[in-house]
Amino acid sequence: MSILFDNPPPAIGCGDPGDPIDFACLFDGASYLDHTFDTGVQERYVLCGWFKPSKPDVTQTIISQRHEGVAAAHTWFGLEGGDTFRLFKRAFDGTTVNVDLSWVGARHDMAAPFHWHLAVDPSQPAADRFTLTVGLDVLEKQAGAIYSSDAQAELHFFIDDSPLRIGARHTSGASDYAQGYLSELHGVWMALPSADEFVYRNYHGAVVNKDYSGEHGEFGFHLDFADPLDIGKDVSGNGNHFTAIGLTVDNQVTDTPTNNFAVGNPLDAPAPSGRILSEGNTAWQPAHNPGEGHIASTMLIPAGKYYWEVLVETGAPFSPSTIVPAIGFAHRSVAVNEADGAANGLFHYHSNGNLVANPWGTDSGYPSWTVDDVISVAIDRENGDCWFAKNGVWISGDPVAGTDPAFTIPADWLDGLRASLQDSAANGAIKAKVNFGQFAFDYPVPDGFRTLSTSAMPCPAILNPDGYFTVRKVGDTTPLPWSPLVHKTLAVTKDRDGSTSWRGNDTVRGDGKAWACDVGGAEINEGANGVSWTTAGPVYGSAAQYQGNRITWFWRASPKAGFDIVEINHVNGTPSTVAHKAGGLIEYAWVVPLDGGDVREFHHRLAPGEFLRMNDYDYPLGVDAGWFSSTGNSVTLGASMTSGRYIAYLWRAVPQFSAFELYGGTGNADGEFLPLDFEARLHLFRRKNAAASCTAICADIETSNPAKRYTRLTLPNPESTEAGLELDIYSNGTKPRGLAAAMNYNGHTYLTADWARTPGKFARAR
């Protein structure tokens, strides 16, 4: 069967997920849908739908039509090279190009869908005939566009006696097949319904599906892919059915925008040349070279109990070797190019019957597995217990009863686990079908366990991150979503165009008092020239640091958001302990000495006693044993700290809202993917190993990937760009795309701090 009727994922009620989409069609690179209209008259029209690509950096056809039997004469719309949307029209003579348009907006995200909406109105001047909207954002056409001055017939997809094709291109030599998940495809003829008739922005800021209630017109269609025996059935009532070519019942899946499933992540990097993902990234074939043997899931395993299956399709050798194929988990701090056993945070059931948890040891004597076996995986993430089954028989214990797990994962590794398939055998190769629930399972799901999908993901404590972390650019006078006079608030401000120092302001110290993160922590008494606080937010005075092209980041203190601001009066020689209300152990902190000195950054991924100097570019890393520690409700400055007044900004990670992690530099443009359970809005990063600034990339500055504009908190320099300093921001993480030492120097470690724009449960491709 193609659909999960027997084991439906339990829906978790949460917020406003939009109108449900039950099914999608998986286009796997060798299939398409085809329809020929009996008659056709050119009119206004809209084509739109949801698409989750499964291949990065390749050209993919969404829709195409051949004209008058001439293969080269066709209209084509899709993703070109993974970088741009393109609409192309070659005339009936097969040579003349009538239309060639492209739009800004790279779609590298393989973890979440986006909604596209193409509107064509031939009655308008050529430059205004075509509008592309992604989500609810109208994209800007790129320079160099070609617009036809020919008749209307040169511009449309509804020509009679010419095949309209979904998922493949009409050319004489290339197909450019679609590779990904297409859902809710609409063709509306003789009308121009706007994008907001198909999607809307819910109250917590996510773009979600909206059932279209309008007419489709005589030659319009609506494909919902609900009938696996007739996957191209038109449900608009017009009878414009599409014929399936190379599509079977197995191409109908439940992986949709309202129930987005985990798949393999081709962006985890650096990607070895031998690693292959196919079938919508559900077929995993790791590279078999030592050190290149991991494929990991797009989704971090959230709190709760989860189940999936792995069907071993091919593989060799399955020998008693210590390096053999393995199924299980990898922590996000483990680079996917690391060999099994080379790093901590790997938990695997090996084909030779060993259970290996690195570096905690190996347990042997369990059943081996090979081709055609189905390995079931169950994990209770709350307790760290995991179980494996071979062909429906659990190799130890019972996940329902919670007894005798295969192994228990240490608590400090639980918040960053990904499903993993590993094969680092020098002469081996494994290919497996990994099913997180988008297909029918072979064996019953244990009671209480869920599929790994957004519908089963826990509801985030913070539905709208903007209520706890937000950004304002100059000219945006929108009141903050909270009152700073009621809730402790931190504001960090920079003139993007000026060489002026940063300013940190907070409501704990009150009006007119600031500090500069790039020069040190001495309190600056700006008085009326500084910031004064109102219920709506800050009012800026005349100080130069608040003028110009200003941007400000705002944090609201709350245990829910894992943030607090505390004052500490410290005397050298004695530890100082104060209470905090961040809601747990502190993972990231700025400790500001108001009487002067270095602003210290604490990061829980640093070694004990280490710290980074926010105001020092040349000597960022320091060591001071015991200088900072915390419990779930208190924070302590060590006895060695200089006497004086301190203000400390304290953060802990909150699921689907914030994370404080690390990644390794690769020295190439295919940087290491940093998995997150949200779409980031602000990304801070800093090289630990050498001179480097604390650098910020804010998604509010650039709306498409790669983000190239950055600011350095350690320096007063204006916002800038630098060759090799580029970042892709995805619905499920970030990825360096450049070679700059500040971001991606080979062998160096980079510490990060991220805050969300959209929780992972609702995140869309940027």
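The values are calculated or read from the model by the stated rules, or taken from the named source; none is laboratory data. Just so it is clear, the structure is predicted and the values come from calculations on it, not from any experiment. Cβ: placed from backbone, ideal geometry, glycine included. Neighbour counts: every protein chain shown.
Some values worked out for this structure:
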read-out	value
Checking Ser368 against (1) crowded, with 21+ Cβ neighbours inside 10 Å; (2) more than 26 Å from Pro736 (Cβ to Cβ); (3) modelled with pLDDT of 90 or more, the condition it does not meet	(1)
Residues of segment 388-429 that turn out to be within 22 Å of Gly365 (Cβ to Cβ) and part of a strand (DSSP E or B), as a count	10
Within segment 367-387, considering residues that are in contact with a strand residue (DSSP E or B) (Cβ under 6 Å, 6 or more places away or on another chain) and in a loop (DSSP other than H, G, I, E, B), the one farthest from Ala326 (Cα to Cα)	Gly384
Residue count, segment 459-477 (criterion: under 20 Å from Arg503 (Cβ atoms) and either modelled with pLDDT under 95 or surrounded by fewer than 17 Cβ atoms within 10 Å (Cβ to Cβ) (or both))	5
Residue list for segment 218-260, filter: of a type in the set (A, V, I, L, M, F, W, C) and in contact (Cβ under 8 Å) with a residue 40 or more places away in the chain	Phe219, Phe221, Leu223, Phe225, Ala226, Ile231, Phe242, Ala244, Ile245, Leu247, Val249, Val253
Residue count for segment 534-548, restricted to those that are surrounded by 18 or more Cβ atoms within 10 Å (Cβ to Cβ) and closer than 10 Å to Lys494 by Cα	2
Members of segment 425-438 that are modelled with pLDDT under 95 and surrounded by fewer than 24 Cβ atoms within 10 Å (Cβ to Cβ)	Ala426, Asn427, Gly428, Ala429, Lys431
Candidates Asp670, Asp700, filtered to the one that is in contact with a Pro (Cβ under 8 Å, 6 or more places away or on another chain), surrounded by fewer than 21 Cβ atoms within 10 Å (Cβ to Cβ) and not in a strand (DSSP E or B)	Asp670
Conditions (1) over 28 Å from Lys708 (Cβ atoms); (2) free of Cβ contacts under 8 Å to residues at least 24 places away in the same chain; (3) out of contact with any Ser or Thr (no Cβ under 7 Å at 6 or more places or on another chain): number failed by Thr478	(1)
Verdict on Asn391 being within 30 Å of His683 (Cβ to Cβ) and surrounded by fewer than 22 Cβ atoms within 10 Å (Cβ to Cβ)	no
Yes/no for Pro759 being touching a residue at least 12 places away in the same chain (Cβ under 8 Å), within 20 Å of Pro266 (Cα to Cα) and buried (at least 23 other Cβ atoms within 10 Å of the Cβ)	no
Residue match in segment 721-740 (condition: of a type in the set (Gly, Ala, Ser), more than 19 Å from Ala669 (Cα to Cα) and at pLDDT 90 or above)	yes
Residues being on the phi < 0 side of the Ramachandran plot, assigned to a loop (DSSP other than H, G, I, E, B) and of a type in the set (Gly, Ala, Ser) - total across segment 703-725	2
Cross-chain or 6+ apart pairs with Cβ under 7 Å, segment 437-456 first and on the phi < 0 side of the Ramachandran plot, then surrounded by fewer than 18 Cβ atoms within 10 Å (Cβ to Cβ) and of a type in the set (Asp, Glu)	Ala440/Asp6
Selection status of Thr500, outside any strand (DSSP E or B) and free of Cβ contacts under 8 Å to residues at least 12 places away in the same chain	no
Candidate set: segment 509-533, residues that are aliphatic (A, V, I, L, M) and part of a strand (DSSP E or B); chosen: the one surrounded by the most Cβ atoms within 10 Å (Cβ to Cβ)	Val531
Qualifying residues in segment 79-107 (those that are assigned to a loop (DSSP other than H, G, I, E, B), surrounded by fewer than 21 Cβ atoms within 10 Å (Cβ to Cβ) and on the phi < 0 side of the Ramachandran plot) - the one modelled with the highest pLDDT	Thr95
Filter result (part of a loop (DSSP other than H, G, I, E, B), buried (at least 21 other Cβ atoms within 10 Å of the Cβ) and modelled with pLDDT under 95) within segment 673-697	Phe673, Ala692, Ser693, Cys694
Selection status of Thr752, under 30 Å from Thr451 (Cα atoms), modelled with pLDDT of 95 or more and assigned to a strand (DSSP E or B)	yes
Test: residue in segment 652-666 that is closer than 19 Å to Thr552 by Cα, in a loop (DSSP other than H, G, I, E, B) and at pLDDT below 95	no
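Okay, residues lined up against (1) under 21 Å from the mean Cα position of the chain (by Cα); (2) within 20 Å of Val104 (Cβ to Cβ); (3) of a type outside the set (A, V, I, L, M, F, W, C):
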residue: Arg712; (1), (2), (3): no, no, yes
residue: Pro718; (1), (2), (3): no, no, yes
residue: Ser731; (1), (2), (3): yes, yes, yes
residue: His748; (1), (2), (3): no, no, yes
residue: Thr752; (1), (2), (3): yes, no, yes
residue: Trp755; (1), (2), (3): yes, no, no
residue: Pro759; (1), (2), (3): yes, no, yes
residue: Ala763; (1), (2), (3): yes, no, no
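Quick grid of which residues meet (1) in contact with a Lys or Arg (Cβ under 7 Å, 6 or more places away or on another chain); (2) within 21 Å of Phe657 (Cβ to Cβ):
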| residue | (1), (2) |
| --- | --- |
| Asp476 | no, no |
| Pro479 | no, no |
| Trp482 | yes, yes |
| Leu490 | no, yes |
| Asp497 | no, no |
| Gly504 | no, no |
| Arg509 | no, no |
| Gly512 | no, no |
| Trp515 | no, no |
